[in-house]
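In what follows, a single structure is set out as structure tokens and then discussed.
The values are calculated or read from the model by the stated rules, or taken from the named source; none is laboratory data. On a predicted model such as this, the values are computed, not experimentally measured, just so you know. Every residue, glycine as well, gets a Cβ built from its backbone with ideal geometry; the counts of neighbours run over all protein chains shown. Surface accessibility is based on the protein's heavy atoms, side chains included, excluding ligands, DNA and RNA. Shrake-Rupley method; radii C 1.70, N 1.55, O 1.52, S 1.80 Å.
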Amino acid sequence: MAARAKWPTKLLGDLAEFRNGVNYDKRSFGQGIKVVGVKDFQNYTKPLYAELEQINPEGIVTERNVLQKGDIVFVRSNGNRELIGRSLYIDDLQEQVTHSAFTIRLRFTSPEAVSRFYAYVFRTPIIRKGLTAYGGGTNISNLNQEILSRLEVPFPKPTEQRAIAGVLSAYDDLIENNTRRIQLLERMAQALYREWFVHFRFPGHAQVKRVASPLGPIPQGWEAGKLGHHLIALETGKRPKGGVGDLTNGVPSIGAENIKGIGRHDFASEKYVSRKFFEEMHKGVVQDRDVAIYKDGAYIGRSSYLRDGFPHHECCVNEHVFLLRSSGHRLTQNTLYLWLQEPDTVQAIRGTNANAAQPGINQQSINGLGLLAPPAEIAAEFDLVVEPLLAGIVNSATRNKVLRRTRDLLLPKLISGVLDVSKLASETA
């Protein structure tokens, strides 16, 4: 494919208008209008509307603050430099949604600007690098409306904008379908866990008597004990003194920010350690099917399941993450992960830290968590039932990883005009 001349450019301020989001505090949370906040700017092209917080709009939200289809929302301010300038495309609105004061909303006023095309423009490495430069460090700088208005952006013909957006959005549609499948499989796995381990409706339960235990009445043959009795490893990792620096390759090092559930990983915020440092690590090297827990910070108790090569076949964790490995007898890794997802378990973990000045959990508190374990034969039977669901989640997440990588390779070439979208369409037809 022959290289093409670059597109003509325009200032973004000549194509669009901007508005900052609304101020609110924790007292506003509850029922009302959904709100896009900084926490929603992860590895997504548009918000996961079902997961948005709600706030009371009274005295806060006006019609001017309500998002519309085709709007693009940017992170304006955050202590994490990598989030500054990250954007979300607003689509498929079925109810009112607003956005927080830490964000800026862009709305195109030019009829020649195709919003979905520019949603991809703002994700190209050169634009992302430019916007990220305005934030982070000790003195947090803000992205602002003036900076956005002076941003020089490519301006191909509307027909070419739509064609490029069509190619790239086809990848995003596939990613979204896989994401919905992940959510469905996860709900099914958690429902099965509750049926067997919370409501005790496992196969043959009607013939099993209930007996007293420290955790209340339980089926005969089940064991009320401590998590530590069922673990063969509980370890954390590390990173070099002074941090990971500006390494852009090496061995991926997973931090607390990426402990967010099975099949979920923000590859854009990946950190690395050198090969030499990794090979000298004695603990914290991820093994297949390790369960990881966020051990200190705002979200202690959150967990992930690292298995089947996702997110990486070779990786480690830093000092803010615990890796857990079970004996596999009465407690398997599948069951361990699902148990950690239960709200009561998360609450129990956080409760061990209730009186601490700094949020965090240690090995003693993890080992001491109360756990109800079934007989080995029931544990094995449950593992067989739930395994296809968990494997399906990771399979879909791995497909999404490949789709994102392919899309992101095409993205700058299509946006810059180096790759002719018409030739690409004909070659893939």
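If R0 is 30 Å, the Cβ-Cβ spacing of Ala133 and Lys260 corresponds to a FRET efficiency of close to 0.65.
Would you pull out the residues with amide H under 5 Å of Lys226's amide H, same chain only if 5 or more places away, H placed 1.01 Å from N? Result for Lys226 returns Leu371. For the stretch 214-243, backbone nitrogen atoms closer than 20 Å to the point 7 Å from Glu381 Cα along Cα-to-C-beta are found at 218-224. Between Arg19 and Ala206, full extension at 0.36 nm per residue minus the direct alpha carbon distance yields a gain of 61.2 nm. Taking the average, over residues, of other Cβ atoms within 10 Å as the packing measure, peptides 71-78, 176-183 rank 71-78, 176-183 from highest down.
Highest average first, the peptides 106-113, 265-272 ordered by how many other beta carbon atoms sit within 10 Å of their residues are 265-272, 106-113. Considering only Thr45, Val385, Ser304, and ranking their Cα positions along the charge dipole of the chain that arises from unit charges at the beta-carbon of Lys, Arg, Asp and Glu, the one farthest toward the positive end is Thr45. The string of couplings for the stretch 386-399 from the Karplus curve (6.51, -1.76, 1.60, θ = phi - 60°) is 8, 4, x, 5, 5, 5, x, 4, 5, 4, 5, 5, 5, 4 Hz, one whole number per residue in order, with x for Gly and Pro.
Length gained on full extension, Ala268 to Asp246, computed as 0.36 nm times the residue gap minus the Cα-Cα distance: 6.5 nm.
Taking all Cα pairs closer than 8 Å and separated by 6 or more residues, the relative contact order of the chain comes to 18 percent. Accessible area per residue was computed with a 1.4 Å probe on protein heavy atoms; Lys413 scores about 110 Å². Would you work out if the stretch 54-107 is rounded, prolate or oblate? Take a ≥ b ≥ c from the square roots of the eigenvalues of the alpha-carbon gyration tensor; rounded if a/c is under 1.5, else prolate when a/b is larger than b/c, oblate otherwise. Note, shape of the stretch 54-107 comes out oblate. Accessible surface calculations at 1.4 Å, restricted to protein heavy atoms, place the chain at 49 Å² per residue. Springs between Cα atoms under 10 Å define the GNM used for the chain, and in it the highest mean-square fluctuation of Leu369, Leu143, Leu324 occurs at Leu369. Largest first, the extents of the alpha carbon coordinates of the stretch 236-377 on the three principal axes equal 45, 40, 26 Å. Asp40 exposes around 20 Å² of accessible area when a 1.4 Å probe is run over every protein chain in place.
Using the Cβ-Cβ distance between Leu409 and Ala224 with R0 = 56 Å, the FRET efficiency computed as 1/(1 + (r/R0)^6) comes to roughly 0.60.
Treating r as the C-beta distance of Gln68 and Gln347 and R0 as 22 Å, the FRET efficiency rounds to 0.05.
Within the stretch 34-147, all pairs of alpha-carbon atoms sorted by distance into 10 Å bins from zero give the percentages 14, 47, 33, 7, 0. By the helix-only formula, in which each DSSP H run with n ≥ 4 contributes -39500 (n - 2.57) and the sum is divided by residues, the chain has a 222 nm mean residue ellipticity of -10000 deg cm²/dmol.
Structural descriptor for the stretch 32-139: relative contact order 32 percent, calculated from alpha carbon pairs under 8 angstrom and at least 6 residues apart.
Oblate is the label for the stretch 16-57. Its Cα gyration tensor axes, ordered a ≥ b ≥ c, give a/c of at least 1.5 and b/c at or above a/b.
The modelled label-to-label distance between Glu51 and Ala101, using points 7 Å beyond Cα along the C-beta direction, is 2.6 nm.
Computing Rg and Dmax of the Cα atoms in Å directly from the structure and comparing it against [x] 24.2, 77; [y] 23.4, 72; [z] 28.5, 93 singles out [x]. Label separation (Arg150 vs Leu215): 6.0 nm, computed from points 7 Å beyond Cα along the C-beta direction.
Extension gain, His313 to Thr159: 0.36 nm times the residue separation minus the Cα-Cα distance gives 51.3 nm. Quick check on the stretch 175-309: take the gyration tensor over C-alpha atoms, sort the square-rooted eigenvalues as a ≥ b ≥ c, and tell me if it's rounded (a/c under 1.5), prolate or oblate. Prolate, since a/c reaches 1.5 and a/b exceeds b/c. Spin-label model, Trp7 to Glu279: label points 7 Å out along the Cα-to-beta-carbon direction sit 4.6 nm apart. The packing ranking of peptides 302-308, 387-393, highest mean first, is 302-308, 387-393, where packing means the average number of other beta carbon atoms within 10 angstrom of each residue. Using C-alpha pairs below 8 Å separated by at least 6 residues, the relative contact order for the stretch 197-326 is 30 percent. Under 5 Å between amide hydrogens, built in the peptide plane, is the criterion, and for Gly297 it picks out Gly360 among residues at least 5 positions away or on other chains.
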